Amino acid sequence: MANETNFPAITNGFHLMVDALKLNGLDTMYGVAGIPVTDLARLAQAKGIRYIGFHHEQSAGNAAAIAGYLTQKPGICLTVSAPGFLNGMVALANATTNGFPMIQISGSSEREIIDLQQGDYEELDQMNAAKPYTKAAYRVDRTEDIGIGLARAIRAAVSGRPGGVYLDLPAKVLAATLDNNTGARSLVRVVDAAPRQLPAPESVQRALEVLAAAERPLIILGKGAAYAQADADIRAFIEKTGIPFLPMSMAKGLLPDDHPQSAAAARSFVLAQADAVMLIGARLNWLLGHGKSPQWSPAAQFIQLDIAPTEMDSNRAITAPVVGDIASSISALLAILDTKQIRPRSAWLNELAQHKQHNIKGMAAHLAAKPDPMDFYSALGAIKGVLSDKPELFVVNEGANTLDTARNVIDMRLPRKRLDTGTWGVMGVGMGYAIGAAVVSGKPVVAIEGDSAFGFSGMEIETICRYHLPIVTVIFNNGGIYRGDDINHSGGADPSPTVLMKEARYEKLIEAFGGVGYYAADPPGLAKALTDALGSGQPTLINCAIDPTAGTESGHIGNLNPQSSIAQNK
Ligand code: ADP
Ligand code: TPW
Ligand code: MG
């Protein structure tokens, strides 16, 4: 193509990167601008990509990761060289650990200076730093390779077990020019980025045989099942077989929590007693006691549906591995399911119902108590009431007691609405996940945050206000990590390592940015504030006064905390 001056029209790395993203339907970018990617962010916005600018790359990355989880398209995070790259890496590594598809695109400094370690501005060998923590890491060294580089990144992020991919763009590659035709020809539109992976028919048959022989079968749903978006088939399989199911935290809502087959209220009973367990998109990691005794029966047989073949036998023997994508595997199971053969014994279902009833009663008593100040249950009881007729809301949740109690109290009725600390139990995902969920869905989000957890990403409430996102952040302010009443064993004036300010007026923070702040001292006050906030659609922060003595150390995972046998002040 020639312009009026008869020189070929040119493009450059900035344009090609934006064109490549658009060609692949990647329409949103979460990032922090600066050298050398400022113009990339500007150009992306100018050419119709939605750009959401953050204060900290970790939150931008968390927003991208959760967008990936919700949409099955890689979430895009844009970072500057070295420190910005490293800030984003925590989110990219977390995405990989959780199986969320994400691409972190980072600018980088001059290769020849980095490689001779001559001290460039923000010098770091980023691709090699990224490798151990990502599913894949690539660097584009020529402008004409931007298209193929992004194609590789997309495929790596979404195919097989999804994960975080790093794509390095040196400043020179962004600035370099190319004639338009060569540039256009270099772009790649990825076809079928996450191809179906059909399970072997004999593996499907074997899985059904194990279930048919079982007396006390159990199905465990993990976030891989939620990610797969095979909601109707998963529900049909569970309802047709009548097998009780237990959702992992982010699989809550795949079937409603009040479904009669839910075994969530009798979790330890079913884990210990099940004789055949079908894992659907859930790993036998620490969250499931590695599949070992005493949590599990050593005699139980396991069936596992997973896209990653090497996940099988990772912690204990899998009798019936079904390797394939969950949508294909569940539909293959349904196709040959003979419901007459698979029937959980009624004794199993009756015993389970008794345990459920007993535990549900215990929970109701907790929720009905009216302690002053509020404890976790009374505050969550108020939230539960307000959310009960709003199943479409997203619930983001982090903290220790705030997390563990909310997971048990707040029922979910729709899939992929609960977003939490996930496989790592990481703090700092709160505002990023809330922003990502609000941006991709346009739906309201309630973020239930421990006061410590909130602090990791708290500055992003300005981002929430700047983009007018319908996010209500509820802070459970118990004045600390786990509890607010710990003491300094030296007798000195400094607070204990786990103590934060209980008198902190977090609600005033959001007022600084034009949002709405509430202070809630009791359940009716909390319910009213939350109802008003959801009615207004305004960015809101509710600071809840929680009894500093109500929490337990490490929440529900205190058993993982090594204890010093020597007194702390010796
Ligand atoms: P949870 O924490 O909810 O128990 P995990 O993250 O441990 O869940 O496990 C999710 C599993 O789901 C991973 O092993 C992953 O390989 C698998 N997975 C993710 N997406 C799919 C899919 N589309 N089809 C099959 N398996 C999947
Ligand atoms: C990145 C360790 C686990 S839970 C937690 C921390 C610091 C905060 C608990 O206090 P919070 O909740 O949020 O006030 P509550 O209700 O119990 O009082 N750094 C990272 N991740 C983790 N998990 C930690 C530290 C931790
Ligand atoms: Mg706290």
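Pairs are defined by a Cβ separation below 6 Å, a sequence spacing of at least 6 or placement on different chains, a first member in the stretch 320-337 that is surrounded by fewer than 21 Cβ atoms within 10 Å (Cβ to Cβ), and a second member that is of a type in the set (Phe, Trp, Tyr); the pairs so defined are Leu334/Phe237. For the stretch 357-392, filtered to residues that are touching a strand residue (DSSP E or B) at 6+ places or on another chain (Cβ under 6 Å) and not small (Gly, Ala, Ser), the residue that is surrounded by the fewest Cβ atoms within 10 Å (Cβ to Cβ) is Pro373. Could you check the stretch 223-266 and list, in sequence order, the residues that are in a helix (DSSP H, G or I), polar (S, T, N, Q) and either closer than 20 Å to Leu288 by Cβ or within 16 Å of ligand 3 (Cβ to nearest atom) (or both)? Across the stretch 223-266, the qualifying residue is only Ser249.
Listed by first and then second residue, the pairs linking a residue in the stretch 461-480 that is more than 24 Å from Glu503 (Cβ to Cβ) to a residue that is within 16 Å of ligand 2 (Cβ to nearest atom) and of a type in the set (Gly, Ala, Ser), with Cβ atoms under 7 Å apart and 6 or more places separating them unless they lie on different chains, are Ile471/Ala434; Ile471/Ala447.
Listed by position, the strands (runs of 3 or more DSSP E) enclosed by the stretch 83-201 that each have at least 2 residues that are under 21 Å from Ala63 (Cα atoms) are 102-108, 136-139, 164-170. Being surrounded by 16 or more Cβ atoms within 10 Å (Cβ to Cβ), in contact with a strand residue (DSSP E or B) (Cβ under 9 Å, 6 or more places away or on another chain) and either in a loop (DSSP other than H, G, I, E, B) or modelled with pLDDT of 95 or more (or both) is not true of Leu43.
Screening the stretch 267-290 for residues that are under 21 Å from Glu209 (Cα atoms) and outside any loop (DSSP other than H, G, I, E, B) and picking the one that is farthest from ligand 3 (Cβ to nearest atom) gives Ala276. Filtering the stretch 481-491 down to residues that are touching a residue at least 40 places away in the same chain (Cβ under 8 Å) and within 13 Å of ligand 2 (Cβ to nearest atom), which residue is farthest from Lys417 (Cα to Cα)? The extreme case among them is Asp485. Annotation: Asp313 fulfils all but one of (1) free of Cβ contacts under 8 Å to residues at least 24 places away in the same chain; (2) on the phi > 0 side of the Ramachandran plot; (3) out of contact with any strand residue (DSSP E or B) (no Cβ under 9 Å at 6 or more places or on another chain); the unmet one is (3). Restricted to the stretch 435-514, the set of helices (runs of 4 or more DSSP H) holding at least 2 residues that are away from ligand 1 (no atom under 16 Å from the Cβ), of a type outside the set (Ser, Thr, Tyr) and in contact with a Pro (Cβ under 8 Å, 6 or more places away or on another chain) comprises 461-466. Pairing each residue of the stretch 88-114 that is surrounded by 23 or more Cβ atoms within 10 Å (Cβ to Cβ) and modelled with pLDDT of 95 or more with any residue that is basic (Lys, Arg) and outside any strand (DSSP E or B), provided the two are 6+ apart or on different chains, yields C-beta distances under 6 Å for Thr96/Lys135; Gly99/Arg161.
Condition check for Asp547 on (1) within 28 Å of the chain's Cα centre (by Cα); (2) surrounded by 19 or more Cβ atoms within 10 Å (Cβ to Cβ): one failure, at (1).
The values are calculated or read from the model by the stated rules, or taken from the named source; none is laboratory data. All of these numbers come straight from a predicted model, not from anything done at the bench. Neighbour counts are summed over all protein chains in view; Cβ atoms, including those assigned to glycine, are modelled from backbone coordinates with ideal geometry.
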